[in-house]
Amino acid sequence: MIDSLIVGFDRALRTLSGTAASSRPIPGAALPSPELTADERRHAAGLMRVNHTGEVCAQALYSAQALVARNPELRARFAGAAREEEDHLAWTQTRLAELNDRVSLLNPLWYAGSFAIGVAAGLAGDRVNLGFVVETERQVEEHLTGHIDALPDADAKSRAIVATMRDDEARHGAMAQEAGAVDLPLPARELMRVAAGVMKALAYRI
């Protein structure tokens, strides 16, 4: 438990300090920088800020779920997923810098709230914990598909990042389903969707 707490604290510091590192190359890094109007750049940055905030939340969720998971194999799965999500965190932060913009000012709030939700999901039992992952990744995959369509046509660099992220999220959800996830009740799924909508609306601007 002490080791897990130390790892979790280190992950929180890296996430919120902006020092997350990627273990994989940034998708689309070799593509030329697109010619974007001021409005297109602002819109692309807003969408990538939302995606970065989503990855902040993912770090908190997976850290919390790994901390309280009862099954050692499940803890290892969550830790592995968190490492992949850290790639996403680094990619979106790099793209925001390329767009001359910043991450959400509310990221500490998002992290704390997501950590609390992750603990609650984990304490409900491993199968519910996995079910929460499945529903989260399903909604994130849907959200990223929407961003691929919403990004400016010229912004192939951002689109390449988002497409790779979507593939990873779909794989995480499938792994959780195969590991024995149970379906969450409809009210829980709808509450998750509403909470995500609030986060996206605020993170796009703040």
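What follows is calculated from the coordinates using simple rules that are stated; it is not laboratory data. Nothing here was measured: the structure is a model prediction, and the numbers come from that model. Virtual Cβ from ideal backbone geometry, glycine too; neighbours counted across all protein chains shown.
The figures follow:
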| read-out | value |
| --- | --- |
| Inter-site label distance for ILE206 and GLU35 at 7 Å from Cα along Cβ, in nm | 3.8 nm |
| FRET efficiency estimate (nearest 0.05) - Cβ-Cβ, VAL198 to ARG138, R0 22 angstrom | 0.75 |
| Check: the chain dipole with +1 on Lys, Arg Cβ and -1 on Asp, Glu Cβ, in debye | 420 debye |
| Modelled label reach - ALA76, point 7 Å along Cα→Cβ, segment 96-129 residues with backbone N closer than 20 Å | 126-127, 129 |
| Degrees separating the helix 107-123 axis from the principal Cα axis of the chain, which is the longest one | 30 degrees |
| Cβ crowding within 10 Å averaged over residues, with 41-53, 120-132, 170-182 ranked highest first | 41-53, 120-132, 170-182 |
| For segment 105-176: rounded, prolate or oblate by the Cα gyration tensor [a/c cutoff 1.5] | oblate |
| In degrees, nearest ten, helix 38-68 long axis to first principal axis of the chain (Cα) | 10 degrees |
| Top positive-direction residue, dipole computed over segment 99-189 with Cβ charges, set VAL119, ALA174, ASN100 | VAL119 |
| Angle between the chain longest axis and helix 72-98 axis [Cα atoms, degrees, rounded to 10] | 20 degrees |
| Local electrostatic count, VAL68, Cβ distance below 13 Å [Lys/Arg +1, Asp/Glu -1] | +1 |
| q = 0.12, 0.16 Å⁻¹, the chain: log10 I(q)/I(0) [Debye, one scatterer per Cα] | -0.57, -1.01 |
| Total charge dipole magnitude, segment 80-122, about the Cα centre, Cβ charges on Lys, Arg, Asp, Glu only, Debye to nearest 20 | 140 debye |
| Per-residue [θ]222 nm for the chain (sum of -39500 (n - 2.57) over DSSP H runs n ≥ 4, rounded to 500) | -27000 deg cm²/dmol |
